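Visitor: Next up is a structure, given as structure tokens.
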Amino acid sequence: MRKLTTKRLFVAYVGCTLICFLWMVIIWGFWCTDDQSENEWHERYEHVREQLVEARRLRSDSDDRLEAMQSEVHSRYPADMHEILSIVNEHLPTIYVVTPTYARSTQKAELTRLSQTLLHVRCLHWIVVEDAPEKTKLVTQLLSRYNRPATHLSALTPPPMKLNSTDPNWYKPRGVWQRNKALTWIRGRASQSGEKSVVYFADDDNTYDLALFDEMRLTVGVSVWPVGLVGKLRYETPVVHGGHVVGWLTFWHPERPMATDMAGFAVNTKLFLQHPLVEFSEKSSRGFMESDLLVGLKLKLSDLEARAHNCTKILVWHTRTEVPSVKNEMKLVRMGLNHTDLTMEV
């Protein structure tokens, strides 16, 4: 009964939106006639404005009711939540968010921040891939509290390819084996389910505007947008003219065919199915990993879909967390005043 009620709520929600859109089209047609007086224009404007205000109110009410209903259903039927959500969101393409991660002092903090962002995005499947020989307790427990569709994987970077503590972060490719492990999983899932879906590679130390996920969800091939605070610039972005991507604004190797950052694009899963051997390569030159992947998908600039208001809005930022210092712990130890619980997970 609850499944049916939720589905009807979505049908009403979509119907209301379509009716308001058609009403706007009809009214605009009236406005475009030559024989309308200024007063008639004003009256129709006010009428349309009132209709839009009412439509926004209904949409907001629907969103609030849906959130309340999903919370109630989750509390009563936690084991069935994945199936219920698949029915509620059956009209939306799934977003597969791929996050490679590795053990460090800020890992839990950054995964917590990202997870609580993703909780607000409907019809999203989070794939977390650890750079480890096996899945760790820390990430397993964090995902157990996530309460949304998620997959936990692990893929160890070969020791010769790992960064040393003194290496700059660009010295060796990072996240290659983890992202490829996720792509293998996604291809297997998508080839069986046939669902519409989009793949996005989201590092755990970035900051994401929720609007970004709305922008990428309806990606037909590959969609692109600006990324803030990257490449020692305020932002990097595709250059758009007439609604089409014609180049790139970046300092580092602007001649790259697809000079985008990892956070700056999303791929329709069908492209990964059409090109089953395409994946990230540890042999890519510095800064070319993303470009090599997209070129392998047989893409041209003209194929790219400019999102985020024709690439005029920043909806994702590179915000690396400062490595914390805990040197005062040892000072307290020497003073005999350290009462820190060393078993507490930070």
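The values are calculated or read from the model by the stated rules, or taken from the named source; none is laboratory data. Quick caveat, the model's predicted, so the values are computed rather than measured. Methodologically, a virtual Cβ is constructed for each residue, glycine included, from the backbone with ideal geometry; neighbour enumeration extends over all protein chains shown.
Visitor: What residue, of 151, 184, is in a strand (DSSP E or B), more than 17 Å from residue 92 (Cβ to Cβ), at pLDDT 95 or above and not basic (Lys, Arg)?
Guide: Unique residue meeting the criteria: 151.
Visitor: Determine if segment 192-202 includes at least one residue that is part of a helix (DSSP H, G or I), touching a helix residue (DSSP H, G or I) at 6+ places or on another chain (Cβ under 7 Å) and of a type outside the set (Asp, Glu).
Guide: no
Visitor: Still on this structure: If you go through segment 217-256, how many residues are within 30 Å of residue 195 (Cα to Cα) and surrounded by fewer than 18 Cβ atoms within 10 Å (Cβ to Cβ)?
Guide: Residues meeting the conditions: 5.
Visitor: May I pose another question? Give segment 281-323 a look and list any residue that's without any contact (Cβ under 8 Å) to a residue 40 or more places away in the chain, surrounded by 15 or more Cβ atoms within 10 Å (Cβ to Cβ) and in a helix (DSSP H, G or I), or say none.
Guide: Answer for segment 281-323, where residues must be without any contact (Cβ under 8 Å) to a residue 40 or more places away in the chain, surrounded by 15 or more Cβ atoms within 10 Å (Cβ to Cβ) and in a helix (DSSP H, G or I): 290, 291, 292, 293, 295, 296.
Visitor: Looking only at segment 178-194, decide whether some residue is loosely packed, with under 12 Cβ neighbours inside 10 Å, of a type in the set (Lys, Arg) and over 25 Å from residue 284 (Cβ atoms).
Guide: Scanning segment 178-194, I find no residue that is loosely packed, with under 12 Cβ neighbours inside 10 Å, of a type in the set (Lys, Arg) and over 25 Å from residue 284 (Cβ atoms), so the answer is no.
Visitor: Pairs, please: C-beta under 7 Å, at least 6 apart or cross-chain, first residue in the same structural domain as residue 291 (by TED's automatic domain parsing) and within 15 Å of residue 222 (Cβ to Cβ) and in segment 244-260, second aromatic (Phe, Trp, Tyr) and not in a loop (DSSP other than H, G, I, E, B)?
Guide: Correct list of pairs: 259/248.
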